[in-house]
Amino acid sequence: MTMDATAPLSRGFIHDMATLDSSTLLSRHPSFNAQVLQIKELANIQAGGPRRFRFVLSDGDYFVQCMLATQLNDIVLNNRVERGHTINVRQYTPSEMKDKLVVILLDFEVLSQYGIRDKIGSPISIDLKTARGGQAPQPAQATYSNGSTGSTTFYGEQKPQVAPKTESTYSAAPSSNATAAPRPHNYYTIEGLSPYQNKWTIKARVTFKSEIKHWHNQRGEGKLFAVNLLDETGEIKATAFNEQVDTYFDLLQEGEVYYISKCRVNTAKKQFSNLDHDYELTFERDTEIEKCTDTGATDVPQLRFNFVESLSKLTDVHKDAIVDVMGVIKTVNDCVQITSKSSGRPYDKRDIVLVDPSGISVQLTVWGTQAVQFSANQDDIVAVKGAKVSEFNGRSLSLLQSSTITVNPDIPEAHSLKGWFDMQGRNATFSSLQSVGSTSMSGRPENVKTIKQIRDEQLGMQDQPDYFSVKGTVLFIRNETIAYAACPTEGCNKKLTYDSDGWRCEKCNKSFPEPVYRYILMFAIYDHSGQMWVSSFDDVGRVILGKPAGDYMQLRDEDNSAYLDEISKCTGKTYVFRVRAKAETYQNTTRPRYSAMSAAPLNYAQESTNLVKLIQSFGLV
């Protein structure tokens with residue numbers, strides 16, 4: 001392979017790609033330079049799937065079709081690569097698709113110093129059968145044009161030749177009940193899997209295996225189970241249905257390594273998976289799985305984590321996000337059984353408290369079989385993969401069915417955490433994360449939005465409510481109705497009705513001589529970008545109006561003018577509000593309703609410090 005003197009193309013590389021086996025090719029040519037002849041967006045394979053782009057690359061002698069990995073889409077969408085650019089491909093996967101040579105582009109760099117050039121040389125399509133027989137057509141001598149002369153058509157004049165189908169260099173695994181045979185040493189990486197390859201074998205470890213689930217609906221009934229598969233490049237979900245459940249459930253075991261081939265590759269359904277891969281696998285009738293029994297199994301990692309920096313950083317993570325965390329078990333509570341209000345079904349749960357050097361403690365809830373069988377003890381180190389972040393009691397974590405929890409893992413982070421706990425943490429004092437309705441551990445409100453951003457992003461207009469913080473000044477408080485007569489029974493708070501026996505609560509079936517008044521406010525707030533109306537209940541009302549609702553109701557009865565003056569005095573003050581936005585429909589019009597869940601006065605000292613840091617970040621002081 002030689003380099004072109006004027007444009008550094010890797011001449012002859014595509015011919016090598018057609019003639020060498022993948023292992024030899026990747027070791028001999030870990031990267032290559034090519035010119036972009038065409039960029040085209042393809043129709044989605046599945047509605048709602050990621051956008052896909054096809055490239056045509058030339059080495060000056062031959063051209064080849066390529067598929068762009070979806071993680072590189074931004075390079076195309078931001079116009080950082082265009083037709084005529086020279087690129088250095090740093091990571092790629094060669095394959096065959098429909099009798100043609102196809103390359104999956106996993107990583108590349110645009111060589112912008114060479115600018116955008118006319119097509120270099122007269123590259124042609126390569127016939128795989130002819131090339132592998134040693135009779136590849138000879139390309140024309142490469143030429144370079146500075147723009148005044150040369151070809152103006154990059155790709156499409158010559159119809160690519162269709163080569164007869166050839167066997168992939170990635171040998172498929174023998175069936176699960178076949179006699180073990182010597183395994184190939186060249187496997188596809190999980191990171192490189194996509195629907196554009198039809199012959200591949202992966203070598204992967206099962207890091208998670210679900211229970212068998214059964215379903216019944218109008219179309220019939222069935223069963224399924226899922227596994228997570230891991231190699232050194234990434235992790236992907238695989239699912240078996242019906243007959244394949246019977247075939248593979250007992251074969252696949254957590255922690256074991258397998259050779260797997262001939263699965264269907266689909267766009268990942270993110271609502272059912274906590275993995276980052278764009279695709280997932282489905283086991284089919286001709287899928288082949290063989291357990292790896294040789295020493296090569298030790299090359300496959302046991303687990304892959306992407307830990308949050310510390311438990312205190314959970315305040316920077318959105319509600320319902322999926323995270324990996326590590327901590328020391330401070331408390332293990334007993335397993336208890338609760339009953340779902342919606343379905344009436346019983347569920348087992350166990351709460352665990354984790355701590356780490358940030359001085360924070362976080363509650364982790366384990367459900368179902370994992371809760372019953374949980375055997376870790378106080379002071380053990382646990383690594384949790386795929387926990388869901390919730391806002392219960394501020395910030396807490398909950399295990400999903402696809403989550404895994406590893407006790408005392410043999411990884412450097414666990415050893416470091418154990419050393420800290422033995423030296424300092426065992427006798428330390430820890431605090432739980434504050435309610436996200438106020439501020440984060442850094443002193444700044446979490447997920448702070450301006451009112452204009454709230455409008456522009458249409459928060460609250462989706463199926464699920466949105467949660468955010470906004471720093472606003474109270475502009476006006478509606479004074480017609482600020483409170484309601486509530487039941488005095490602790491935990492009830494239902495509205496009372498007045499009759500001849502006094503104030504009656506239908507829920508408690510009791511009458512009371514006097515109610516307890518609770519706030520039900522509607523008020524307007526504003527910032528530099530706009531104004532919005534917000535509703536709230538008693539907790540926020542007490543912060544804004546400064547005294548119990550009963551005091552205002554008594555004042556209104558005695559002196560309405562003084563009542564209005566007192567409410568007016570409470571405007572003009574600034575707070576950090578934690579807000580829930582949810583769509584509501586009234587008279588065929590849907591609009592968001594904003595409800596303040598909490599309010600906290602500004603910490604002016606902290607705000608001043610934050611502003612100084614912001615100014616310093618711009619180099620102005």
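The values are calculated or read from the model by the stated rules, or taken from the named source; none is laboratory data. Keep in mind that this is a model prediction, so the values were computed, not measured. Cβ placement follows ideal geometry from the backbone for every residue including glycine, while neighbour counts extend to all protein chains displayed. Accessible surface is based on the protein model in full, side chains and every heavy atom, while ligands, DNA and RNA are left aside. Shrake-Rupley method; radii C 1.70, N 1.55, O 1.52, S 1.80 Å.
Of note:
- Residues 539, 107, sorted by accessible area with the largest first, give 539, 107 [1.4 Å probe; ligands and nucleic acids excluded].
- Cut-off under 5 Å, modelled amide H: who pairs with residue 508 long-range: none
- A dipole drawn for segment 279-374 from +1 and -1 charges on Cβ atoms has a positive end, and of 293, 337, 303 the residue lying farthest that way is 337.
- Separation between Cα centres of segment 227-285 and segment 524-574, rounded to whole Å: 57
- Filter on 203/269; 40/209; 507/569; 223/385; 547/582; 452/569 - keep pairs with C-alpha separation over 32 Å: 40/209; 507/569
- Among the listed pairs 319/495; 213/313; 418/613; 319/471, a Cα-Cα separation exceeding 26 Å is found for 319/495; 213/313; 418/613.
- Near residue 390: Cβ cut-off under 12 Å, other residues only, Lys/Arg at +1 and Asp/Glu at -1. The net charge is +1.
- Counting Lys and Arg as +1 and Asp and Glu as -1 over every other residue whose Cβ lies under 14 Å from the Cβ of residue 492, the net charge comes to +3.
- Normalising the average separation of contacting C-alpha pairs (under 8 angstrom, six or more residues apart) by the number of residues puts the relative contact order of segment 199-248 at 31 percent.
- Each other residue within a Cβ distance under 11 Å of residue 85 adds +1 if Lys or Arg and -1 if Asp or Glu, for a net charge of +1.
- Label separation (residue 542 vs residue 554): 1.7 nm, computed from points 7 Å beyond Cα along the C-beta direction.
- Sequence ranges 418-429, 401-412, ranked by mean other-Cβ count within 10 angstrom, highest first: 401-412, 418-429
- Ligands, DNA and RNA left out, the accessible area of segment 306-434 computed with a 1.4 Å probe is 46% carbon and sulfur.
- Per-residue SASA remark: residue 200, around 10 Å² accessible (1.4 Å probe; ligands, DNA and RNA not included).
- Solvent-accessible surface ranking, highest first, for 324, 557 at 1.4 angstrom: 557, 324
- Gyration tensor (alpha-carbon) shape descriptor, segment 553-621, a/c threshold 1.5: oblate
- Solvent-accessible area of residue 116 with every protein chain in place, 1.4 Å probe, in Å² to the nearest 10: 100
- Solvent exposure ordering (accessible area, 1.4 Å, most first) of 114, 248, 484: 114, 484, 248
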